[in-house]
Amino acid sequence: MTVDLLLGLQWGDEGKGKIVDVLTAGYDIIARFQGGPNAGHTLEFDGIKHVLRTIPSGIFHKNSVNIIGNGVVMDPVVFQKELEGLEKFNIDIKSRLLISRKAHLILPTHRLLDAASEASKGKAKIGSTLKGIGPTYMDKTGRNGLRIGDLELDNFKELYRALADKHQAMIDFYNVDLQYDLEELETEFFEAVEVLKTLTFIDSEEYLNQAMKAGKSILAEGAQGSLLDIDFGTYPFVTSSNTTAAGACTGLGIAPNKVKEVFGIFKAYTTRVGSGPFPTELFDEDGATMARVGNEFGSVTGRARRCGWLDLVALKYAVQVNGVTQLYMMKGDVLSGFETLKVCTAYKYKGEETKHFPYNIEPENVEPVFVEKKGWAADLTGIKEYDQLPAEFKDYVAFIEQELEVPVKVVSVGPDRTQTIYK
Ligand code: GDP
Ligand code: IMO
Ligand code: MG
């Protein structure tokens, strides 16, 4: 069997968690391939709202196995809290969740280094979630990191101490005012490590390749979004992993020729949390309306998300880099009530119009070129069939398909599992 990928095409929070949950019934295995607890994937069903951080969004389905892949970075402390949050659902976590030995560990000092690095940047800060993501991936590529498999070694504590002491010197080097009690953080960490060790660690690349041979179907769940990709995102205002399709191959040990469908998830408008350029950002009443109606507050940090019109230049770029085969448009319901909708179809880049996503998208280089589409007034949240959607909504979708040259297969009209319409 092959692997299907599910990826965010914008700056994260597109609604990936909801769609993984919707699609899980059709898969044997759901596997997260990158990122860590900077992610917050929201699922809503049966009146319950739940936010997942490191655990794949297939965990609520009885028949699926969930895998945390080698490309993920895991914080035992956050993971322990995540498990506690799931207790009330009586999920057999031990048999349904498997963790790659090659996934890297986020240490308390990685979190402190994140905070120190951001503090030292002042106004130029990335707007990181401060979960230690950057420093942990730096240790991975710097060949200093500790992995889940190291928890099985007798000398783990020694390895930990050596790395934490090195981090301590680096934190001191930043020379910023950072208040912390490392001993307390370490006690919490080692308690959480004991909980983590009750789970099953596997060689996940072997497990997944054997599963494919045995005919099992796999859905790879991306975190963040393409515009936060370490290579293709709006660098340096990005995360520290490859959020795009290739990241699923390296983050799971799956060969590129095993990938079949690539599901690209995007919002009907655009949001971004944290710093960095955002050409279609709105600073007016329309942006405030999107934020209010769309409840645009970060699921991890609670920070207000910046809102703006749909950007097809950026989306086309993401579609291309990922090889998207099917589009899923989320939060269409949030746009109800706008008389006119703007869609960015090109950038004026250094005076010339372009449809190519350029190296530099800071406001001094890029001005969005918009076309206007007629809006719709109807509330979409109760609609079940595509045919029942307003003509203006269908025109909006058709325009996106025409510009991106990829079909929109699903539109989402509310946060609940059931508010999902197949086209
Ligand atoms: P993810 O990180 O991509 O999984 O997305 P988040 O969970 O961080 O953010 C998406 C937010 O939008 C969550 O609060 C979802 O419950 C909500 N959501 C998802 N789809 C829809 C939709 O179609 N309409 C509305 N109104 N909310 C949605
Ligand atoms: P999900 O999976 C939205 C953003 C942060 C910051 C930048 C770097 O829920 O879509 P990091 O903590 O990785 O060092 O932060 O990336 N960011 C996200 N924005 N959704 C996410 O994940 C994000 N994960 C990181 O706000 O701008
Ligand atoms: Mg999120």
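The values are calculated or read from the model by the stated rules, or taken from the named source; none is laboratory data. Keep in mind that what you see is a predicted model, and the values were worked out from it rather than measured. No Cβ is skipped: glycine too gets one built from the backbone with ideal geometry, and neighbour counts run over all protein chains shown. Side chains included, ligands, DNA and RNA excluded: accessible areas come from the protein's heavy atoms. Shrake-Rupley method; radii C 1.70, N 1.55, O 1.52, S 1.80 Å.
Observations on the model:
- Qualifying strands (runs of 3 or more DSSP E) (wholly inside the range 1-66; at least 3 residues being within 16 Å of ligand 3 (Cβ to nearest atom)): 3-8, 41-45, 48-52
- The criterion of being of a type in the set (G, A, S) and either surrounded by 15 or more Cβ atoms within 10 Å (Cβ to Cβ) or in contact with a Gly (Cβ under 8 Å, 6 or more places away or on another chain) (or both) does not hold for G122.
- In the range 179-192, the residues that are over 23 Å from K94 (Cα atoms) and either acidic (D, E) or assigned to a helix (DSSP H, G or I) (or both): D181, L182, E183, E184, L185, E186, T187
- Index of the failed condition, F79 passing every other in (1) within 13 Å of ligand 1 (Cβ to nearest atom); (2) out of contact with any Asp or Glu (no Cβ under 6 Å at 6 or more places or on another chain); (3) touching a residue at least 40 places away in the same chain (Cβ under 8 Å): (1)
- When S240 is tested against (1) more than 16 Å from I126 (Cα to Cα); (2) in contact (Cβ under 8 Å) with a residue 12 or more places away in the chain, only condition (1) is not met.
For (1) part of a strand (DSSP E or B); (2) out of contact with any Gly (no Cβ under 6 Å at 6 or more places or on another chain); (3) open to solvent by less than 40 Å² (accessible area, probe 1.4 Å); (4) modelled with pLDDT under 95, each residue gets a yes or a no:
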position: F232; (1), (2), (3), (4): no, yes, no, no
position: T239; (1), (2), (3), (4): no, yes, yes, no
position: N257; (1), (2), (3), (4): no, yes, no, no
position: E261; (1), (2), (3), (4): yes, yes, no, no
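- Here N63 qualifies as under 20 Å from T200 (Cβ atoms) and either more than 16 Å from ligand 2 (Cβ to nearest atom) or in contact with a Ser or Thr (Cβ under 6 Å, 6 or more places away or on another chain) (or both).
- Flag if L389 is farther than 14 Å from A268 by Cα and crowded, with 18+ Cβ neighbours inside 10 Å: yes
- Pick from the range 21-55, criterion open to solvent by less than 20 Å² (accessible area, probe 1.4 Å) and of a type in the set (A, V, I, L, M), ranking: farthest from the chain's Cα centre (by Cα): I29
- Scope the range 398-419; condition under 22 Å from S57 (Cα atoms) and open to solvent by 10 Å² or more (accessible area, probe 1.4 Å); matching residues: K409, P415, D416, R417, T418, Q419
- The number of residues in the range 214-230 that are assigned to a loop (DSSP other than H, G, I, E, B), polar (S, T, N, Q) and within 16 Å of ligand 3 (Cβ to nearest atom) comes to 1.
- Residue within the range 138-155 that is modelled with pLDDT of 95 or more, under 16 Å from P37 (Cβ atoms) and polar (S, T, N, Q) present: no
Residues checked against (1) modelled with pLDDT under 95; (2) under 18 Å from the mean Cα position of the chain (by Cα):
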{"site": "G276", "(1), (2)": "no, yes"}
{"site": "M330", "(1), (2)": "no, yes"}
{"site": "T345", "(1), (2)": "no, no"}
{"site": "N360", "(1), (2)": "yes, no"}
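- Test for G247: is it within 14 Å of the chain's Cα centre (by Cα), open to solvent by less than 10 Å² (accessible area, probe 1.4 Å) and within 16 Å of ligand 2 (Cβ to nearest atom): yes
- Test: residue in the range 112-119 that is within 16 Å of ligand 3 (Cβ to nearest atom), open to solvent by 40 Å² or more (accessible area, probe 1.4 Å) and either within 24 Å of the chain's Cα centre (by Cα) or not aromatic (F, W, Y) (or both): no
- Residues satisfying the stated conditions in the range 1-39, i.e. closer than 20 Å to L208 by Cβ, among the charged types (D, E, K, R) and more than 11 Å from ligand 2 (Cβ to nearest atom): D4, D28
- Scanning the range 278-296 for residues that are open to solvent by 20 Å² or more (accessible area, probe 1.4 Å) and within 18 Å of the chain's Cα centre (by Cα) gives a single hit, N295.
- For the range 193-213, the set of residues classified as touching a strand residue (DSSP E or B) at 6+ places or on another chain (Cβ under 7 Å) and not in a helix (DSSP H, G or I) consists of L199, T200, F201, I202, listed by residue number.
- The single residue among K166, K88 that is closer than 30 Å to N63 by Cα and free of Cβ contacts under 8 Å to residues at least 24 places away in the same chain turns out to be K88.
- The combined condition, being over 26 Å from A398 (Cβ atoms), within 16 Å of ligand 1 (Cβ to nearest atom) and either within 16 Å of the chain's Cα centre (by Cα) or touching a residue at least 12 places away in the same chain (Cβ under 8 Å) (or both), is fulfilled by S299.
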